[in-house]
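Worksheet for the structure shown next.
The values are calculated or read from the model by the stated rules, or taken from the named source; none is laboratory data. Note that the structure is predicted; figures quoted are calculated from it, not measured. Cβ coordinates were reconstructed from backbone atoms using ideal geometry, including for glycine residues, and neighbour counts include every protein chain displayed. These area figures cover heavy atoms from the full protein model, side chains too; ligands, DNA and RNA do not enter into them. Shrake-Rupley method; radii C 1.70, N 1.55, O 1.52, S 1.80 Å.
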Amino acid sequence: DSLVTGVQTCALPISMARYSASGSQTLTTSATTALSVTSNTSTVQRNWVYELTFGNVGTPADQVSIITVQRVTAPGTATGVTPTLMDLADRAAQAVAGENHSSEPTYTSNTEVMEVPLNHRATFRWGAAPGSEIVCPATSGDGIGVKALHASATPDWRVVAFWVE
């Protein structure tokens with residue numbers, strides 16, 4: 001019997017609107033956020049993050065940064081990024097995206113969703129298995145932030161996030 005019993009998957013309905021956003025930041029010795037995707041403060045909604053891509057955009061070197069994806073409760077101060085519609089027939093995104101944070105988002109302690117030690121010569125892509133998406137609550141300002149640090153290197157790095165709402 002090839003059936004798996006006791007396992008439920010929750011594939012995202014095709015009818016949900018899909019979006020992407022990308023953001024950049026310069027590495028520093030303390031964690032700085034390149035991209036946040038949060039619920040709008042006036043129209044709250046749940047976001048399901050199903051794919052993330054990270055990479056450096058500077059001259060490659062054999063160094064490693066620690067990239068952390070973590071839950072946030074407030075987006076911080078950032079340059080606004082207009083989410084891109086994956087299907088032009090869908091409505092505009094309700095989520096708010098920001099890059100190049102000058103004031104960090106409010107990170108929820110002990111809620112690291114993912115940590116990736118990434119060599120600066122590499123690009124990393126994470127895709128959620130069906131039912132394993134990062135689900136953000138329908139609470140004003142809640143969502144995820146992607147931050148990184150390095151002890152001495154200062155290249156620019158970039159994040160791309162894909163989500164449904």
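I need a count of the residues in the stretch 59-68 that are assigned to a loop (DSSP other than H, G, I, E, B) and of a type in the set (Ser, Thr, Tyr).
1
Does the stretch 78-98 include one or more residues that are at pLDDT below 95, among the hydroxyl-bearing types (Ser, Thr, Tyr) and under 30 Å from residue 151 (Cβ atoms)?
no
If you check residue 39 against the conditions, is it open to solvent by 30 Å² or more (accessible area, probe 1.4 Å) and in contact (Cβ under 8 Å) with a residue 40 or more places away in the chain?
Spelling it out, it is not the case that residue 39 is open to solvent by 30 Å² or more (accessible area, probe 1.4 Å) and in contact (Cβ under 8 Å) with a residue 40 or more places away in the chain.
If you check every pair at least six apart or on different chains, which have Cβ atoms under 7 Å apart with a residue in the stretch 128-156 that is at positive phi first and a residue that is open to solvent by 30 Å² or more (accessible area, probe 1.4 Å) and part of a strand (DSSP E or B) second?
Short answer, once both residue conditions are applied: 141/73; 141/74.
Which of the residues that make up the stretch 137-165 are under 19 Å from residue 84 (Cα atoms) and not acidic (Asp, Glu)?
Across the stretch 137-165, the qualifying residues are 143, 144, 145, 146, 158, 159, 160, 161, 162, 163, 164.
Is it fair to say residue 73 is over 13 Å from residue 163 (Cβ atoms) and among the β-branched types (Val, Ile, Thr)?
Yes: the conditions hold for residue 73.
Among residues belonging to the stretch 42-57 that are β-branched (Val, Ile, Thr) and not in a strand (DSSP E or B), point out the one that is most open to solvent (accessible area, probe 1.4 Å).
Across the stretch 42-57, the extreme among qualifying residues is 57.
Output the residues belonging to the stretch 110-161 that are aromatic (Phe, Trp, Tyr) and either in contact with a Gly (Cβ under 6 Å, 6 or more places away or on another chain) or open to solvent by 40 Å² or more (accessible area, probe 1.4 Å) (or both).
The answer is 124, 126.
Consider the stretch 69-97. How many of its residues are outside any loop (DSSP other than H, G, I, E, B), open to solvent by less than 60 Å² (accessible area, probe 1.4 Å) and either over 13 Å from residue 142 (Cα atoms) or among the basic types (Lys, Arg) (or both)?
Qualifying residue count for the region: 4.
Look at the stretch 77-127 and say how many of its residues are hydrophobic (A, V, I, L, M, F, W, C) and either farther than 17 Å from residue 22 by Cβ or free of Cβ contacts under 8 Å to residues at least 24 places away in the same chain (or both).
Going through the stretch 77-127 one residue at a time, the tally reaches 6.
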